[in-house]
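Notes follow once the structure below has been shown.
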Amino acid sequence: MLDADISRFLDTVSHDWLIRFLERRIGDKRAIRLIEKWLKAGCMEEGAARPSEEGAPQGAVVSPLLADICLHYVFDLWARQWRARHAYGNMMILIRHADDIVVGFEKAFDAKRFLAALRERMEQFSLSLHPEKTRLLEFGRFVGGQPRQAWRGQTGDLYIPRLHARLWTEPLVRRTRRDRMLARLREIKDELRQRMRQSIPELGKWLRQVVRGYYAYHAAHTNGKRMSAFRFHATNLWRRTLRRRSRKDRTLWDRMARIVDAWLPVPRILHPWPEARFAAKHPRWEPGA
């Protein structure tokens, strides 16, 4: 697996190359001039306007679209040609989200050659790969005789391949990384200390939003245990906060269970497997239907 990230992409993308890419599909010169003005708008520094010579405006609504158009020509089309002409393995999977790139190879030889070619490709367009976030790693059910080699993703998830062939219909186990979950719990603990004197309904409304937001991101098909553990630890932090408000407080687990059931949502799967999501949106055609 090649896990690649383009270093400071929105800050270093070339205006000249981006305009050349847009002109391949846009024939209206007025639209091109409008985009050029948007790119060169710059920023204000000490009351003086400073135009930008490279990069896309951070936070602008058009920047993600322009970045995707640029990488379509810089990476997507080139990577497909490289796969067709140079890959020796029978399988090569290309996945790109914004400037984050994941490529799967059957052979390590292909991965190393592709990484070297990708570095040269980025240099041609005044871009570079992030030295720390770009890495090659072995990933599969059995790698070097050691089963279950996990892939620690940059988004806070841990991807573990299935061990048994009978479970190969669900080849990956997606779990929240322990360090990321502990970091989030520490943030909740600090915030609960700041809100210690608030009433139980006020704390419940705030903590419900936090837990619901956590579920919305991590509620993958195989991550149920980690979500239940997160809810349990958040409940324990809330109980400890209530007990610290007074030496005579006797908030036991039976009372805390009733409070939690009233305010915190129960974890449920929000992100099924891709084939299930695809089948829900595009039902399979049957003869005679």
Inset, instruction - Starting from residues that are part of a helix (DSSP H, G or I) and among the β-branched types (Val, Ile, Thr), keep the ones in the stretch 53-84 and report whichever is farthest from the chain's Cα centre (by Cα). - result: VAL74
Inset, instruction - Could you check, for the stretch 18-30, whether at least one of its residues is touching a residue at least 60 places away in the same chain (Cβ under 8 Å) and within 23 Å of PHE125 (Cα to Cα)? - result: no
Inset, instruction - Considering only the stretch 1-52, give the strands (runs of 3 or more DSSP E) lying wholly within it that have at least 2 residues that are at pLDDT below 90. - result: 43-45, 48-50
Inset, instruction - Might you let me know whether the stretch 63-80 holds any residue that is open to solvent by 30 Å² or more (accessible area, probe 1.4 Å) and farther than 30 Å from GLU106 by Cα? - result: yes
Inset, instruction - Output the residues belonging to the stretch 185-232 that are in contact (Cβ under 8 Å) with a residue 12 or more places away in the chain and small (Gly, Ala, Ser). - result: GLY204, ALA216, ALA219, ALA220, GLY224, SER228, ALA229
Inset, instruction - Specify the residue that is surrounded by the most Cβ atoms within 10 Å (Cβ to Cβ); the eligible residues are those in the stretch 256-271 that are at pLDDT below 90 and not aliphatic (A, V, I, L, M). - result: HIS271
Legend entry - Matching residues, the stretch 120-131, being open to solvent by 70 Å² or more (accessible area, probe 1.4 Å) and either at pLDDT below 90 or in contact with a helix residue (DSSP H, G or I) (Cβ under 9 Å, 6 or more places away or on another chain) (or both): GLN124, SER126
Legend entry - Some residue of the stretch 162-181 being modelled with pLDDT of 80 or more and over 27 Å from ALA4 (Cβ atoms): no
Inset, instruction - Can you tell me which residue within the stretch 233-255, out of those that are of a type in the set (Ser, Thr, Tyr) and modelled with pLDDT of 85 or more, is nearest to VAL210 (Cα to Cα)? - result: THR235
Legend entry - Pick from the stretch 230-246, criterion surrounded by 15 or more Cβ atoms within 10 Å (Cβ to Cβ) and among the hydrophobic types (A, V, I, L, M, F, W, C), ranking: farthest from LEU192 (Cα to Cα): PHE230
Legend entry - The one condition in (1) open to solvent by 70 Å² or more (accessible area, probe 1.4 Å); (2) in contact with a Lys or Arg (Cβ under 9 Å, 6 or more places away or on another chain) that GLU187 fails to fulfil: (2)
Inset, instruction - With the checklist (1) open to solvent by less than 20 Å² (accessible area, probe 1.4 Å); (2) in contact with a Phe, Trp or Tyr (Cβ under 9 Å, 6 or more places away or on another chain); (3) closer than 30 Å to ASP110 by Cα in hand, flag the one item LEU18 doesn't pass. - result: (2)
Legend entry - Neighbours by Cβ (under 6 Å, 6+ apart or cross-chain): first from the stretch 107-126, more than 16 Å from VAL74 (Cβ to Cβ) and among the basic types (Lys, Arg); second open to solvent by less than 40 Å² (accessible area, probe 1.4 Å) and part of a helix (DSSP H, G or I): none
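Per-residue answers, yes or no, for (1) within 29 Å of PRO272 (Cβ to Cβ); (2) exposed (fewer than 15 other Cβ atoms within 10 Å of the Cβ); (3) modelled with pLDDT of 70 or more:
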position	(1), (2), (3)
TRP82	no, no, yes
ILE95	yes, yes, yes
ASP99	yes, no, yes
LYS112	no, yes, yes
LEU118	no, no, yes
PRO147	yes, yes, no
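The values are calculated or read from the model by the stated rules, or taken from the named source; none is laboratory data. Since this is a predicted model, take the numbers as computed values, not measurements. For neighbour counting, all protein chains shown are included, and Cβ atoms are generated from backbone atoms with ideal geometry for every residue, glycine included. Note: accessible area is taken over every heavy atom of the protein model, side chains too, but ligands, DNA and RNA are not part of it. Shrake-Rupley method; radii C 1.70, N 1.55, O 1.52, S 1.80 Å.
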